[in-house]
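Every number in this text was worked out from the coordinates using simple rules, so none of it is lab data. Predicted model, so just to flag it, every value in this text is computed and none were measured. Cβ sites come from the backbone with ideal geometry, for glycine too, and all protein chains shown count toward neighbours.
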Amino acid sequence: MTTAPKYVEGHNLLRGKSVLVTAAAGAGIGFSAALRAAEEGCRALMISDIHPRRLEEAVANIKEKTGLEQVFGQICDVSQEEQVQALITKAEQELEGVDVLINNAGLGGQTAVVDMTDDQWNRVMDITLTGTFRMTRAMLPYMQKRKAGVIINNASVLGWRAQKEQAHYAAAKAGVMAFTRCSALEAAEHGIRINAVSPSIAMHDFLKKAASAEVLDQLTSKEAFGRAAEVWEIANVMMFLASDYSSYMTGEIVSVSSQRA
């Protein structure tokens with residue numbers, strides 16, 4: 001097992017850009033992506049989440065750590081269309097146009113197919129896949145008018161690979177991958193890029209609640225480095241996709257993983 005690498009300092013990859021990140025309160029990939037965006041020099045940032053207190057704390061945390069004053073928070077449940085529309089409208093106003101949207105909201109779980117209820121299946125699909133669709137659909141008209149913009153979706157290696165008791169989550173993430181590829185072709189006509197990251201395993205508190213310690217230990221042991229990714233290692237790849245360095249990439253699913261997916 002190797003130790004995690006040293007935290008990578010910002011290099012102004014997003015200088016002059018505005019960024020909107022969903023499900024970004026707490027300690028997961030979303031918060032790390034928002035923090036990294038600020039560290040990479042974005043001019044303004046908005047984060048959303050469904051937890052008011054956690055959201056407020058996340059906004060304050062980013063401001064304190066980075067010195068960026070233009071950090072905003074907005075409650076949003078991506079399964080509710082009216083809240084999605086309100087988020088996009090508010091972000092367009094506060095950020096004076098959204099340059100980068102990171103669709104991070106998702107929901108997992110651990111249930112065998114034979115025991116899975118319709119509600120369990122539909123809830124995961126509605127947040128993870130349809131939520132990504134709702135956010136993208138609401139964002140595209142604004143980006144199309146500007147003939148510019150970047151959208152980054154959070155997928156998973158389970159979109160490619162099978163794992164027991166993950167049928168709903170894997171199906172949703174495979175859907176995110178397919179949605180990314182298809183929507184990217186439509187968006188390209190307007191100068192907009194849409195890509196996705198596909199992590200294997202990044203350890204954080206939310207994941208520990210969604211899967212058993214035994215399963216997480218088993219998955220981690222299969223990694224080439226013998227460890228799970230740090231959430232900021234996933235966020236770093238999102239920053240690359242958000243930056244002008246990836247200007248010729250669209251419709252791509254980038255595996256952020258040491259596994260042979």
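Once you divide the Cα radius of gyration of the range 74-152 by 2.2 N^0.38 Å, the number left is 1.28. Put in order of Cβ neighbour count within 10 Å, fewest first, the listed residues MET203, MET46, MET143 become MET203, MET143, MET46. Of the GluC sites (Glu not before Pro) found in the range 2-42, the ones in coil according to DSSP and having at most 11 other Cβ atoms within 10 Å of their Cβ are GLU9. Lysine pair count for the chain with Cα-Cα distance under 23 Å and sequence separation of 8 or more or different chains is 20.
Two tests apply to each whole DSSP H helix in the chain, Cα reach of 30 Å or more along its axis and mean Kyte-Doolittle hydropathy of at least 0.0, and the ones passing both are 167-188. Net length available on complete extension from ALA148 to GLU69 is 26.0 nm, with 0.36 nm assigned per residue and the Cα-Cα distance removed.
With distances taken between every two different alpha-carbon atoms, the range 97-217 has a Kirkwood hydrodynamic radius of 15.2 Å.
With contacts taken as Cα pairs under 8 Å at a separation of at least 6 residues, the chain carries a relative contact order of 20 percent. Spin-label pair GLU81-ALA60: with each label point 7 Å from Cα along the Cα-Cβ axis, the two points sit 3.7 nm from one another. In this simple spin-label approximation, THR3 and ASN122 carry label points 7 Å from Cα along the Cα→Cβ vector, and these lie 5.0 nm apart. Over the chain, the ratio between the Cα radius of gyration and 2.2 N^0.38 Å evaluates to 0.95. Going from the fewest other Cβ atoms within 10 Å to the most, the residues TRP160, TRP232 appear in the order TRP160, TRP232. Got a sec? Which residues in the range 51-94 would a label at ASN12 touch, if it sits 7 Å along Cα→Cβ and we count backbone N under 17 Å? Flagged as within label range: 67-68. The relative contact order of the range 28-183 comes to 21 percent, based on Cα pairs under 8 Å that sit 6 or more residues apart.
Taking the fewest neighbouring Cβ atoms within 10 Å as the starting point, the ordered list for VAL114, VAL150 is VAL114, VAL150.
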